[in-house]
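Coordinate-derived values only; no laboratory data. Keep in mind that what you see is a predicted model, and the values were worked out from it rather than measured. Counting neighbours? That spans all protein chains shown, and the Cβs are built from the backbone with ideal geometry, glycine included.
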Amino acid sequence: MAVTASDQTHGPRIAVLMTCHNRRETTLACLRALADQPEFRDDDLFLVDDGSQDGTGRAVLDLLPQANVIEGDGTLFWNGGMRLAWERASAAATDYDWYFWLNDDVELLPCALEGMLTDAEQSRDERGAVICAGATLARGPEGEVTYGGHLRPEPLRRPLRMRLATPDGAPQKIDTISGNAVLVSAAAFERLGPLDPMFEHIYGDLDYGLRAGAAGIPCVLAGKPVGYCDANPVAGSSLDPVLSKFARLRARWREAGAIHGRDWRRFVARYSSSPITRMGHRLSPYLRILLDRPHQ
């Protein structure tokens, strides 16, 4: 059954940017929660279906017939897919007030978008620019924060050492963002442009927030959590505590040669101040495994 978007005649116009690949039911669950947001119109959804073989794109149009579904070839990954969605949205209309990044594994809470808009509006700079990230929670009794905003406790000595910020009821200044649920004002987009094509899959969101800070654009975390999104599983990875140190080191070596590793090296090269610092950041995942300190 198709979901009918609300008849929005007033308020800001928001382009929703998404990318997905082969997880139809997860994507549809995300879109159902999105469709319940009063500010959402389905013709403002720009979703890249990056080569899915499970019928995701067709199912999205069955649910939201006016949505803009853009076909990818399966090689875009997150950063490329979001760039393409943003390119199409900005070309389709010039009157968007906001661009809303949304991962397809996020289940928005009721009125989440309204709360983000309120916090973002009051945090704009004098030119109207702001970026507002929403914190997501793990499903389950603990409900810990999984994604959202990041703080750098020692930006000069350890510029890439970050920790997640926790919502405290009011918009709070952060250093950069996770791309799971993020509002970018049109004024911020005009100054920063889209995500950097240098990144294939990850780190484009962290880079965007850091570039915003360097440009004097406020980055804030919304005062309340905006939805549920479980953290990526670590089973079989270099962070898997069940594996031996040797197995984790081997996993890390494989990861370094994959897309995530390539993006990490690009990110380190951009934000490390010297060759020695860059080498330290590249070696640090191996040292953390040897020292049994996977997240330090």
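Determine whether residue 41 is free of Cβ contacts under 8 Å to residues at least 12 places away in the same chain, out of contact with any Pro (no Cβ under 8 Å at 6 or more places or on another chain), over 17 Å from residue 184 (Cβ atoms) and of a type outside the set (Phe, Trp, Tyr). Spelling it out, it is not the case that residue 41 is free of Cβ contacts under 8 Å to residues at least 12 places away in the same chain, out of contact with any Pro (no Cβ under 8 Å at 6 or more places or on another chain), over 17 Å from residue 184 (Cβ atoms) and of a type outside the set (Phe, Trp, Tyr). Once the stretch 192-214 is narrowed to residues that are without any contact (Cβ under 8 Å) to a residue 40 or more places away in the chain and loosely packed, with under 14 Cβ neighbours inside 10 Å, the residue that is nearest to the chain's Cα centre (by Cα) is 193. Screening the candidates 232, 180 for the property of being among the polar types (S, T, N, Q) and surrounded by 17 or more Cβ atoms within 10 Å (Cβ to Cβ) yields one hit, 180. If I filter the stretch 273-282 for residues that are surrounded by 16 or more Cβ atoms within 10 Å (Cβ to Cβ) and part of a strand (DSSP E or B), do I get at least one hit? There is no residue in the stretch 273-282 that is surrounded by 16 or more Cβ atoms within 10 Å (Cβ to Cβ) and part of a strand (DSSP E or B). Take residue 170 and decide whether it is among the aliphatic types (A, V, I, L, M), touching a residue at least 40 places away in the same chain (Cβ under 8 Å) and surrounded by fewer than 23 Cβ atoms within 10 Å (Cβ to Cβ). Spelling it out, residue 170 is indeed among the aliphatic types (A, V, I, L, M), touching a residue at least 40 places away in the same chain (Cβ under 8 Å) and surrounded by fewer than 23 Cβ atoms within 10 Å (Cβ to Cβ). When the stretch 144-161 is filtered for residues that are in a loop (DSSP other than H, G, I, E, B) and in contact with a Pro (Cβ under 8 Å, 6 or more places away or on another chain), the ones remaining, listed by number, are 148, 152, 161.
Evaluate the following for residue 267: is it among the aromatic types (Phe, Trp, Tyr), free of Cβ contacts under 8 Å to residues at least 60 places away in the same chain and in a helix (DSSP H, G or I)? Can you show your working first?
On the way: among the aromatic types (Phe, Trp, Tyr): yes; free of Cβ contacts under 8 Å to residues at least 60 places away in the same chain: no; in a helix (DSSP H, G or I): yes.
Criteria not met by residue 267.
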